[in-house]
1. Quickly run through region 384-418 and pick out the residues that are within 15 Å of Leu440 (Cα to Cα) and of a type in the set (Asp, Glu).
2. Can you pull out the strands (runs of 3 or more DSSP E) entirely within region 360-428 that have at least 3 residues that are crowded, with 19+ Cβ neighbours inside 10 Å and touching a strand residue (DSSP E or B) at 6+ places or on another chain (Cβ under 7 Å)?
3. Mind checking whether some residue in region 493-508 is surrounded by fewer than 20 Cβ atoms within 10 Å (Cβ to Cβ), hydrophobic (A, V, I, L, M, F, W, C), at pLDDT below 95 and part of a loop (DSSP other than H, G, I, E, B)?
4. Being of a type in the set (S, T, N, Q) and in contact with a Leu (Cβ under 7 Å, 6 or more places away or on another chain) is the filter; apply it to region 786-821 and report the residue that is nearest to Phe697 (Cα to Cα).
5. Out of the residues in region 170-188 that are in contact with a strand residue (DSSP E or B) (Cβ under 8 Å, 6 or more places away or on another chain) and surrounded by fewer than 20 Cβ atoms within 10 Å (Cβ to Cβ), which is modelled with the lowest pLDDT?
6. Of the conditions (1) crowded, with 16+ Cβ neighbours inside 10 Å; (2) at pLDDT 85 or above; (3) under 30 Å from Ala863 (Cα atoms), Glu811 fails just one. Which one is it?
7. Return the residue satisfying two criteria in turn: it lies in region 188-198 and is under 16 Å from Leu45 (Cβ atoms) and not in a loop (DSSP other than H, G, I, E, B), and of such residues it is farthest from the chain's Cα centre (by Cα).
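The values are calculated or read from the model by the stated rules, or taken from the named source; none is laboratory data. Keep in mind it's a predicted model, so treat the numbers as computed, not measured. Cβ: placed from backbone, ideal geometry, glycine included. Neighbour counts: every protein chain shown.
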Amino acid sequence: MSPAGPAWPRLRVLQTLWALLVVLLAPWRLWAIKNTQECTWQVVLNNFETVGKKDASDRFVDQEPLYTVDKVFSQLVDAPIDPDEVRGLVSGKRERSWTCTPLGSGHLPTLSLQTYLGFPYYLKINYSCKGESSEALVRKGHLTGLKPVVLVTFQSPVNFHRWKIEQLQIQMEAAPFRSRERCNAEEVCLMSWYTPMPIKNGSVVMRVDVSSNGLGPFIPNKRFQVNINGFLERQRDNTLQFTVGNELFNLIPRYFVNVPSRPLWYTVDQAPVFILGGIPEEKAILLTDTNFKDFFLVELSIDSCWVGSFYCPQTSFTATIYDAIATESTLFIRQNQLIYYFTGTYTTLHESNRGSGRWVRVLANECIKKLCPVHFHSNGSEYVMALTTGKHEGYVHFGTITDGRVSFELLPRQRSVCSGILVVNCSITWAVFIAGDYNLLLLVEIEDPSTRKYFQVVSYDLVSDYLVVLYTIPEFIPDARGLEFLMVLGTESYTNFPMVPKGMSYNPYNNLLFIWGNFLLQSYNSKNFIYLADFPKELSIKYLVNSFYGDTAIVTETEEIWYLLEGSYQVYKLFPSKGWEVHVSLQVMQQSSLYAPNETMVTLFYEDHGLYQLVYLIDNQQGRLVKRLVPVEQLLMYQQISNDYLLERQGSHLTLSFTNFCPFTVMRLRDLPNPQIYTRQERYRAQPPRVLEPGGFHSDNSLAVYQGLVYYLLWLHSKYDKPYADPVHDPTWRWWKNKKQDQVRGEGGESVGGPSPDPPSPSPCPGTVFAPHPVPQDYYFYLASNWRSAGSVHVDMASYEKIYDLKAENELPERIFLDKGTSYRFSVFLTAREPEPLHGPSFQLQSKVGLAVVLADPECIEAVVKEEVLVNRNSVLFWVTLSDKRFCFDQGISGHHLMKTSMLLKVVGSSGHCFQNTNQGPRMWLCMENSPCHDTIPHSIFASEFFFKVLVSNRCQPACSLVW
């Protein structure tokens, strides 16, 4: 296998990596490595009863708001909280109820309190550093000003017909809270930070990013998955019990040791719970709501029937769950020839309890041989496919899941696939659903009595009920004659190794289709295929794992792991390999608990651009399941370094040197536009109420106030319909609009400080100052500064707002939305390694540094690259403009039926040759904004490649025509 070289351009999020050997290349950075602690955030879920309890952790089960916070708000007199305004907003009119207090009491008349609601959970936040006491660290962090900042991102729902499609975030500052444990210290022994854990209707998947406010110790940002588990229910004794079966507490070694790994199938970005079958001779699954940070082993409550018949012959029976698929609210499993599903209880999705209550058997009279997943939702629904054998051989049962309701349709509608392609005997091996085209791609095995069996790729249009053969797979593996890849035209020579297709994989963002077996074929149009010769024909692929960000991992029947950067032609062996041996040796030297001499891989999956293993380890005769990162860039870098180094003698000793093949030294993304107009991200900001406590610690009451304020902030967002008459187009404007104006009236109703939006009303308190609106914010600040705020809590109105001015970070956003006729523009700055004195400087720069662009759908979007040579800086500036061409009109209204596409950028000749070393792995901390190496790229072995997702809509901008 040759080292990485030029390939088709790839646009990816930048990453960084670190390896011990590469530190030799940059010894001046060792000071940063030595002086940095290895610290990490820790987050768990607490309900109201477990706040402040040591080691308390809860599951995300309860979904209904709590009314308990209302009694806390009733104590907050003279606070900028206007419950009657809340009541007025709900009922559509302003209602006032007065409380009279005598003059001279220090209080003005206030409005009575409306019921405030709260979310059922808090996020409990701590941090730890390697080799140090976590309790002491947290106290130190608090005393040095550290405050965790939590950014909660709500995943938009599948069913856009029921729920509004939006990209919503809320940023909250965590509040310090003393533990309830016995403490002999004067101030604090144990403490943690807390924020409310908000819930949004239509969202069951939440991404929680924890970062520092910049004070105290350096702690890298960390992401957590906090998902609702609708397959647990609370019992009368307040314990939790699974609705899908009974939890097993003993991980018996025979469940995992030497058991083949299996793929993890789920709806990408939408499934709150993952499930994994494959436990030998047990009707049990692994279930997790944290992406396997933790997990449960659950024995399923299914009947385990075995129905054999003339149409469905069964040679043996097993209790093993072979296929398992998770969607937004429904789980699917296959046991023998039977299919079951279970819909969880998700009131935030369905607005009612539509949970199954039991496993439901579907297609009971059918003989199902395989389930095929559909990784992306579309048209407000999710999908799953069941392949049949026996009496309905040559058909596909196409399942649709909408709001937890499951239905199946037999396809094709008129005749079988075998009849449609004019053959007598055929069998469907795999199926892929391309939602954007309403099209099924079928891998069909055909048995011809006169010849050997062969395979075809067949397309079925769900709208027109039309079948067509797209491609006939060669009978034998092509002879690549030492090439990395080969265009399969039918004129090439072949080996005597038969091609044995087993499955297909499709990426809707770049239209890349893989056909895999003991070979790997790829195509961008499902008709013209390229054979990737780096993958050995002696091996057989068991399953593919797609990140849908440009990376694909390959698992073979012998549990080898290979890696492919989509769009390139090199296939790299990750395990077993020299790079893996180096990596494991370093981990053992660091006494890592994630590696052991005896281990079995359970599954392989992508999460946030990283490749992860779920592995069963046996260490000291104890077995356990662990989730660990597969450091792809490090493994490939170790392999490259082991091949590209020189030993040179200097005096009496040998020195180690490496050849740097990277064509540039510096890469920067510049002139990035502010992201919100393109990402459609809406972000709110909330801070905890200020407490009048010397140590700054919060109480149960102040945390309850925080809950109520965050709930109301998001409630305002959900009820805001963006009317054109709104003067500021901000949901929070209605909350504070009467409190940020000095509008106190004197006797007789004469206003001071400007007009009032409401007419004067008679005062119910004769002889008192008439204040139909809350007093201005300066008054509340005066009370707080004099330690006179009611309940020892001060609510700062400026702490709850919508953020409109998010700035671009030093990387491309994960995805952008392009409306009709709009453009996205940025620049790429590259500094060449060193000029050669053979030609003029301009020629040298242009020949050494080049930027390539590939579009997945050039008929819909276009890219223009303009080059500016900066001779005096030995650099080149590339301006990149991505534009919608107004040619693709299949999308619906804004946010509906978006077309998925992508753009790939690459510095030509850099793949596999460019990397930057840090001590914290991918995407770290090391070159910050004000540091000398800020924006020094590449960050990884594939750093100069970006995978850039684009969603195209038909929404018109003011300048575009409304006539199609």
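1. Matches in region 384-418: Glu409 only.
2. In region 360-428, 368-373, 382-388, 396-402 are the strands (runs of 3 or more DSSP E) which contain 3 or more residues that are crowded, with 19+ Cβ neighbours inside 10 Å and touching a strand residue (DSSP E or B) at 6+ places or on another chain (Cβ under 7 Å).
3. no
4. Ser792
5. Applying the filter and picking the extreme gives Val188.
6. (2)
7. Per the stated criteria, the residue is Ser192.
Yes/no per residue for (1) of a type in the set (S, T, N, Q); (2) over 23 Å from Glu351 (Cα atoms):
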| position | (1), (2) |
| --- | --- |
| His377 | no, no |
| Thr402 | yes, no |
| Phe408 | no, yes |
| Arg413 | no, yes |
| Ser419 | yes, yes |
| Val423 | no, yes |
| Ser427 | yes, yes |
| Trp430 | no, yes |
